[in-house]
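Heads up, the thing below is written out as C-alpha cells.
The values are calculated or read from the model by the stated rules, or taken from the named source; none is laboratory data. Quick caveat, the model's predicted, so the values are computed rather than measured. Cβ placement follows ideal geometry from the backbone for every residue including glycine, while neighbour counts extend to all protein chains displayed.
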Amino acid sequence: LPPGSVLRQDLGLVGHTPAGVVVEMPHKKPPKRELTFAQQLYNHLLSPLRVVIEHAHSGMKRLRMVQDTLRLRGQWRRDTVIVVACGLHNLRVRSPLRLYAPDKFPKLSE
C-alpha cells in the first residue's frame, strides 16, 4: 500500500501492519469488562464502512477460484487472480443494467 493510505481491517488481521499506513480497526471488548463510550462510538462509526467492505469481499468471492484454496505457485499468480476477481466485481457493480431507474417502471395505480 502507498504511504499515507488508510487500511481498514478487521480483528482477524491483527498482525498485518504495513509501514507508513494508517490502520483503522474496531476495538475488541476486553474480557470481563465493557468498552468505553469513546470506543463504542468509534466502533459505531466504523460499522457502515465495514459493511461495504464485507459486501465487496463477498462480491469478489463469486469467482469461486478466490474462495477455494489456490495451489498456484508464485505470489504474482495469486495476486493476478485477486486482481481479476476485483475487476469482475467492479464491472458487475458499475454495470448500467444494475442502475435503479424508477422512471422506467410503470406505476401500479394506473
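Just a few scattered comments:
- Subset of region 21-58 that is touching a Leu at 6+ places or on another chain (Cβ under 8 Å) and under 29 Å from Asn90 (Cβ atoms) - its residue that is modelled with the highest pLDDT: Asn43
- Selected residue (criterion: farthest from Met65 (Cα to Cα)) from residues of region 94-107 that are assigned to a helix (DSSP H, G or I) and at pLDDT below 65: Asp103
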